[in-house]
Amino acid sequence: MTSRTAQVYDALVLRNPKSVLALLLAVLTFFGYHAQNFKLDASADSLLLEDDADLNLFRTIHERYPSKPLLIVTYTPDADLFSDQALEPLKQLRDELKKVDSIESAFTILDAPLLISSDVPIQKLIEDIPSLETPGVDRARAQEELRTSPVYRNLIISPDGRTTALLLELAEERDYNNLFKSRNELRAKRRNAGLSDEEARTLERITAEYDRAHEALNARRHLDIQRIKDIVAPYRQHGVLHLGGVPMITDDMVTFVRNDLIVFGGGVLAFLVIVLTAIFREVRWIVLPLLSCVYAGLIMIGVLGLIGWKVTVISSNFLALMLIITISMNIHLIVRYRQLNRDRPEDDQLALVGTTAIKMVKPCLYTALTTIMGFSSLVVSGIKPVIDFGWMMSAGLAVTFATSFLLFPAMLMVMGKARSRPGPDRDRFLFPAYLARLTETRGTAIMVLAVILTAVSAIGITQLRVENSFIDYFSDDTEIYRGLKLIDEELGGTTPLEVLVRFEPNPDDLLTPEDLEGLTEEEIEMEMEYARERAASPQYWFTVDKIDRIKEIHDYLDGHPDIGKVLSLASTVRIAEFSMEKELDGIELAILYTKVPPRGKKSLIEPYVSVSDNEARLLARVVDSKPDLRRKELLETVRHDLVDKLGYEEKDVIVSGLLVLYNNMLQSLFASQIKTIGAVMLGIAIMFLVLFRSVVLSAIGILPNMLGAVTVLGFMGLAGIPMDMMTITIAAITIGIAVDNGIHYIYRFREEYALNGSYVETLHLCHSNIGQAVFYTTMTIIFGFSILMLSNFIPTIYFGVLTAAAMFIALLAALTVLPRLILMWRPFG
């Protein structure tokens, strides 16, 4: 802080503390009002890559093959599934669920058409298809038909016949879907070509309308899902029931985020009270940091509410991290103030607080900037929730710094001078002093151990992997995990994979050479054009050749060990063929299409065929919980085999689905990890050079603090812990926070060495003052991160534990390796 800046700060802040507090209260009131607009978001949009071409393709496909949101209730009865004791509760449950306003239809084994269990010819059955509820149906034959059905096996009944599923189709939200489509189209145009002023205003309006519609939809869905859970609960006396489906997962994740915010915030505050009491044992040094934490947290929540920034499951720990970092900065200020108060008991409060601020503003500013650099490096990851988390924490750290140098000193001025303690302040924690002796006497061993640890970690880093199951993101005692696990293992998998195959119009199927004899070239062209039009019409589209090609792809997918349930037009055709005991020819296929009632077409044909686009669609589900599943290899194999083994042109087959989007996100993690580490290292190196104007000091400050991040990444590789959207942030965040210790230590070492001229004496002196502060703050951060273990979201637990471990290693390095490098390289002369 320059002398001019110090004078301004002294005049405006320290000499007018009550005015400053009044202004800060006004700011808190303003942002506190906007805190009511603080929102949570657990939609699929919050977990996707930015500008993913496969995402645009996925949305285009689903516009062509629209589907409604689906909830799934799995039912494993205590009695035999096809007994009255099991079917009667199933019927009652289905009928109760149908009464929920948002449920448009409910499909169960009771509703499945039985085409084979009856001896009636299929031509007559189409007019009045029986089901399990039809009087006189042979249940044994019905059970066998459903268990072996190409359509219903692994869809509504498990292969062993013990578990069934109720498929609850939710009503379509047309207005919401239209807003969603319009918003995405304008966003895509903004990215690719830019928007006019009018289009920009339209996008702003539509985005606001979409946000309101999304919020209203989430509120309705929450109430509906809660009602469904209440309806399902009493039926658990008849067996094991679980609720699953994307709407339920989204709703539960919002609950997880909300609970995490409360638990993390409350847990960290309670922990901080304990830590501050243990360290300082004075009321003022407990109250002041807590006030700073609460103030900074409320301001940031208001900022997020004001600008409409929603918190996702990835950024749900932002509040806990803000409290931890705020308390750390306040601890540094308290330790410095107490030291000055002890060394200069004759100084008044204005001088003590002013000197504390002047001495600490520069290192605190640079530590804040390096930590901001650590978090802001996440914006290069390309993963939307990680980017949002990075920006959110960067803004939060700016609030933390401002709070620490406005609210804290103003409150300290109002409270008056603290009681001065004569003589040296006895260290309650002897660990830093022990590390100082160890660094002096065992420095070589420390450096050798650091090199070995780095080498082993480098081996582990080469073994890092990104394959992880979405199911394993949740604790095994949650409804999400149990439902997904059962569906994955018993009902054909969870993660959708789609294959689209395009057909070229083939007029030769409808024309013979004899038909063209004696015609002119113009007449032949007219006949060919007419034939092409007929080939693309529903009556003529269903040819034996097309069905055989669809069957070929269907059987290929069905035979892959990582793929569970496969549905396509081939499934429907095979049911008819099995009933008629023959393969259908072109005429019979056309008759089948025309005879199927509209409801049957809607569920058995239209999801798998687009006649107007001349393409077929195959839907598969991947068994996500298989421990040896390699999604990237699976997708590459499918794409390769469709072209090289089955002989399709690459342009005629498209592989899409949530599996592709999820794999894209996973595969981006490696690149994101490299980008974020590179960005944070570059930014911190520049800041060190600006601060210390020395390459040697910059190296001393950076290298030891990388050890924590490198060690944890190496441990993850050796232990087989996969990277995910949370754990890829560990390295950048650890380096960004841990390097603060280096800045404070080097800054103090330079000051003290200038006074006594002895490296060894300065080492012990720094460990007894700034070393204590570093120890306090880092242990606070470590225990603060450990609070994240209380989350229901497994990546958050990994993030908390591994970041805490990285910070502890970084603490040891900052108080051993870093001072040892100073003793070895003697950068101060």
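The values are calculated or read from the model by the stated rules, or taken from the named source; none is laboratory data. On a predicted model such as this, the values are computed, not experimentally measured, just so you know. Here the Cβ positions follow ideal geometry from the backbone for every residue, glycine too, while neighbour counts run over all protein chains shown. Protein only, heavy atoms only, side chains kept; ligands, DNA and RNA dropped before computing areas. Shrake-Rupley method; radii C 1.70, N 1.55, O 1.52, S 1.80 Å.
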One residue is enough: does the range 60-71 have a residue meeting the conditions loosely packed, with under 15 Cβ neighbours inside 10 Å and touching a Lys or Arg at 6+ places or on another chain (Cβ under 8 Å)? yes
Test for Thr762: is it touching a residue at least 40 places away in the same chain (Cβ under 8 Å), β-branched (Val, Ile, Thr) and out of contact with any Cys (no Cβ under 9 Å at 6 or more places or on another chain): no
Expected output for the range 609-636 (first residue within 18 Å of Val653 (Cβ to Cβ), partner in a loop (DSSP other than H, G, I, E, B) and charged (D, E, K, R), Cβ below 7 Å, 6+ apart or cross-chain) is Val622/Asp562; Leu634/Asp562
So Ile301 passes all but one of these: (1) within 30 Å of Glu172 (Cβ to Cβ); (2) modelled with pLDDT of 90 or more; (3) open to solvent by 10 Å² or more (accessible area, probe 1.4 Å); (4) part of a helix (DSSP H, G or I). Which condition number does it fail? (1)
Has the range 789-806 got at least one residue that is farther than 25 Å from Val386 by Cβ and part of a helix (DSSP H, G or I)? no
Scan the range 111-134 and tell me whether some residue there is open to solvent by 60 Å² or more (accessible area, probe 1.4 Å), closer than 30 Å to Asp224 by Cβ, over 40 Å from the mean Cα position of the chain (by Cα) and at pLDDT below 95. yes
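Within the range 640-654, can one find any residue that is of a type in the set (Lys, Arg), closer than 23 Å to Lys68 by Cβ and out of contact with any helix residue (DSSP H, G or I) (no Cβ under 8 Å at 6 or more places or on another chain)?
No, that holds for no residue.
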Search the range 639-656 for residues being touching a strand residue (DSSP E or B) at 6+ places or on another chain (Cβ under 6 Å) and in a helix (DSSP H, G or I), and hand back the single one that is least open to solvent (accessible area, probe 1.4 Å). Leu642
Would it be correct to say that Ile770 is within 24 Å of Val680 (Cα to Cα) and crowded, with 24+ Cβ neighbours inside 10 Å? no
Flag if Met716 is touching a Phe, Trp or Tyr at 6+ places or on another chain (Cβ under 9 Å) and either open to solvent by 10 Å² or more (accessible area, probe 1.4 Å) or not in a helix (DSSP H, G or I) (or both): no
Of the residues that make up the range 611-631, is at least one assigned to a helix (DSSP H, G or I), open to solvent by 50 Å² or more (accessible area, probe 1.4 Å) and out of contact with any helix residue (DSSP H, G or I) (no Cβ under 8 Å at 6 or more places or on another chain)? no
Give the residue that is farthest from Ser656 (Cα to Cα), with candidates limited to residues of the range 1-38 that are modelled with pLDDT of 85 or more and charged (D, E, K, R). Arg15
For the range 201-230, what are the residues that are among the charged types (D, E, K, R) and either open to solvent by less than 70 Å² (accessible area, probe 1.4 Å) or touching a residue at least 40 places away in the same chain (Cβ under 8 Å) (or both)? Glu209, Asp211, Glu215, Arg220, Arg221, Asp224, Arg227, Lys229
For Tyr776, indicate whether it is open to solvent by less than 40 Å² (accessible area, probe 1.4 Å) and modelled with pLDDT of 90 or more. no
Within 25 Å of Met807 (Cβ to Cβ), of a type in the set (Ser, Thr, Tyr) and open to solvent by 10 Å² or more (accessible area, probe 1.4 Å), is that true of Tyr295? yes
Take the residues in the range 77-104 that are under 31 Å from the mean Cα position of the chain (by Cα) and part of a strand (DSSP E or B); name whichever of them is surrounded by the fewest Cβ atoms within 10 Å (Cβ to Cβ). Glu104
Odd one out for Trp309, checked against (1) in contact with a helix residue (DSSP H, G or I) (Cβ under 7 Å, 6 or more places away or on another chain); (2) open to solvent by 50 Å² or more (accessible area, probe 1.4 Å); (3) part of a helix (DSSP H, G or I): (3)
So which residues in the range 220-250 are modelled with pLDDT under 90 and either more than 23 Å from the chain's Cα centre (by Cα) or among the aliphatic types (A, V, I, L, M) (or both), if there are any at all? Val246, Met248, Ile249
Could you tell me which of the residues Ala351, Ala278, Ala357 is open to solvent by 30 Å² or more (accessible area, probe 1.4 Å), within 22 Å of Asp10 (Cα to Cα) and among the small types (Gly, Ala, Ser)? Ala351
For the range 368-394, which residues satisfy the criterion of being among the aromatic types (Phe, Trp, Tyr) and either within 13 Å of Ile677 (Cα to Cα) or crowded, with 24+ Cβ neighbours inside 10 Å (or both)? Phe375, Phe389
Among the residues of the range 688-707, write down those that are under 31 Å from the mean Cα position of the chain (by Cα) and open to solvent by 10 Å² or more (accessible area, probe 1.4 Å). Ile702, Leu703, Met706, Leu707
Go through (1) out of contact with any Asp or Glu (no Cβ under 7 Å at 6 or more places or on another chain); (2) over 21 Å from Met725 (Cα atoms); (3) open to solvent by 40 Å² or more (accessible area, probe 1.4 Å); (4) in contact (Cβ under 8 Å) with a residue 40 or more places away in the chain and name the single condition Tyr434 misses. (4)
Determine whether the range 132-139 contains at least one residue that is assigned to a helix (DSSP H, G or I), without any contact (Cβ under 8 Å) to a residue 40 or more places away in the chain, out of contact with any helix residue (DSSP H, G or I) (no Cβ under 7 Å at 6 or more places or on another chain) and not hydrophobic (A, V, I, L, M, F, W, C). no
Does Val710 satisfy the criteria of being at negative phi and open to solvent by less than 10 Å² (accessible area, probe 1.4 Å)? no
Failed condition for Val137, given (1) open to solvent by 50 Å² or more (accessible area, probe 1.4 Å); (2) modelled with pLDDT under 90, with all others met? (1)
Across the range 571-592, what is the total count of residues that are open to solvent by 50 Å² or more (accessible area, probe 1.4 Å) and either in a loop (DSSP other than H, G, I, E, B) or at pLDDT below 75 (or both)? 7
